[in-house]
1. What is the residue count in segment 248-280 for residues that are at pLDDT below 85 and of a type in the set (Gly, Ala, Ser)?
2. For VAL127, which of the numbered conditions (1) β-branched (Val, Ile, Thr); (2) over 30 Å from VAL322 (Cβ atoms); (3) open to solvent by less than 30 Å² (accessible area, probe 1.4 Å) fails to hold?
3. Return only the number of the condition from (1) part of a helix (DSSP H, G or I); (2) open to solvent by less than 20 Å² (accessible area, probe 1.4 Å) that ALA197 does not satisfy.
4. For ASN152, indicate whether it is open to solvent by 10 Å² or more (accessible area, probe 1.4 Å), closer than 16 Å to THR194 by Cβ and not basic (Lys, Arg).
5. Cβ-Cβ under 7 Å, sequence separation 6+ or interchain: first residue in segment 96-116 and open to solvent by 20 Å² or more (accessible area, probe 1.4 Å), partner acidic (Asp, Glu). Which pairs?
6. Can you spot a residue in segment 207-222 that is open to solvent by 20 Å² or more (accessible area, probe 1.4 Å), farther than 24 Å from GLU68 by Cα, among the β-branched types (Val, Ile, Thr) and assigned to a helix (DSSP H, G or I)?
7. Considering only segment 356-379, how many residues are at pLDDT below 80 and farther than 18 Å from ALA287 by Cα?
8. Under 7 Å between Cβ atoms, which residue pairs at least 6 apart in sequence (or on different chains) link something in segment 241-255 that is under 17 Å from ASP316 (Cα atoms) and in contact (Cβ under 8 Å) with a residue 24 or more places away in the chain with a partner that is open to solvent by less than 20 Å² (accessible area, probe 1.4 Å) and among the polar types (S, T, N, Q)?
Amino acid sequence: MSLRKAASLGAVQTAVSVIAGFLSVKVTSVFLGPAGMGVLSQLQYFIAMSQTGVSAGLNTGVVRKTAEYGVGSPGQALVVSTVFRLLVWVGIPLALIMAIGSRWLAQRLLHNDALALPLLVFAAVYVLGLVAALIIGSATGAKDYKATASINIGTSLSTVALYTLLCPRFGVNGGLMGAALVPAMTLLIAMVFTCRAHWWPKRLLALPFSSQEARAIAAFIPMAAVGAIALPLVQILVRNDVAHTSGMAAVGLLQGVMRISDMYVGLATSVLGMYYLPRFSEIRVAADLRRELLRGLLILVPAVGAVSACLYLLRDLVIHVVLTEQFLPMRDLFGWQMIGNVFKVIAWLFGALLVAKSNPMALTVFEVATYVFWWLLARHFVAADGVRGATEAYAATYVAYSVVAAAGIAAVLRNMKREASGSRQE
């Protein structure tokens, strides 16, 4: 499938996600307020960290192996079967640990141990979310962008439905319960697309476990797990610093500007997720890889930059329409946040190429250094400037990431040229 078609499906997905995101932000801002949104954001990031931390590396391996073996081949089916078992074997013990420690997690994460029930519910559906992630990864590796977009659209709609049903009646507890149930809803939607999909094994449980494939896929776990765990972990830590400095209402303001950003940066992430990782993985010629990267920069960066500029200029109107007047102090956060959004798209694009082509361990070290840098920078800026310091650190981190990643890509392209030259000489 071409980038144009992937982008079109991504645009449809993002249009629905923007509408659903607008509705969910509106509902949660009205019924939860800034402080309630701050609590909800902590649980959302914990869910993202605990789920993607386990599944991200394995699913990256699924995408790479699908491109290598071919869709519907015995090798690809064996990879899916192996990853399914790994997710279940790892997921069940982790779910039990979360269930046993739910009150402690509620106190440390949500600053209230009376909010432990949503964490228990999330523990109960934890493995279901891992399986849903595997289905989405299999569809992405097979370049079935229609299925990927449809699952993501269904998840967005089910999320806003949960918030709309639960927040007005149960307040903060309802919002937290809605977030906890999203993984189960995602699996129900994803299973619809496995019935006739050529990329999903028909007799998954009858297929064996391959230790050889498990070892090959395990190489992707450290690199992807660092990104999947470290990003939400840093956001949780930064929000804790903001809460201690300025209170949970300030955390809600930070979450508000992040949610507005997610509404339009989602198009870029959709295209990157559905198109670029498998595309970069299959390219073998340095010139073609450079051309694909430049095309992505010319399409994604101006689009995100233009939207960011418009949002900054119209920020007061955006806050009134999307949120409520309680969030008006958030206007001071838009400047650095919009700058950070542009460089975040650049960083994601560069990161997708490095995931596809670079040494996994070297990239893991780079990711760890990036998130440590972000956290330390945020601690300094938040102490000096309060909640605005969190957006300053966000922008500075992605500027630095883009510069260093560009140097890494230049090295990758040089190595590809050298290897191609050596092959011709032989």
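1. Here the count works out to 4.
2. Status for VAL127: all satisfied but (3).
3. The failed condition is (1).
4. yes
5. Pairs that qualify, where the first residue is open to solvent by 20 Å² or more (accessible area, probe 1.4 Å) and the partner is acidic (Asp, Glu), are ARG103/ASP113; GLN107/ASP113.
6. no
7. 6
8. From segment 241-255, the pairs are GLN255/SER41.
The values are calculated or read from the model by the stated rules, or taken from the named source; none is laboratory data. Quick caveat, the model's predicted, so the values are computed rather than measured. Positions of Cβ are backbone-derived with ideal geometry, glycine not excepted, and every protein chain shown enters the neighbour counts. What goes into the accessible areas is simple: the full protein's heavy atoms, side chains included, and nothing from ligands, DNA or RNA. Shrake-Rupley method; radii C 1.70, N 1.55, O 1.52, S 1.80 Å.
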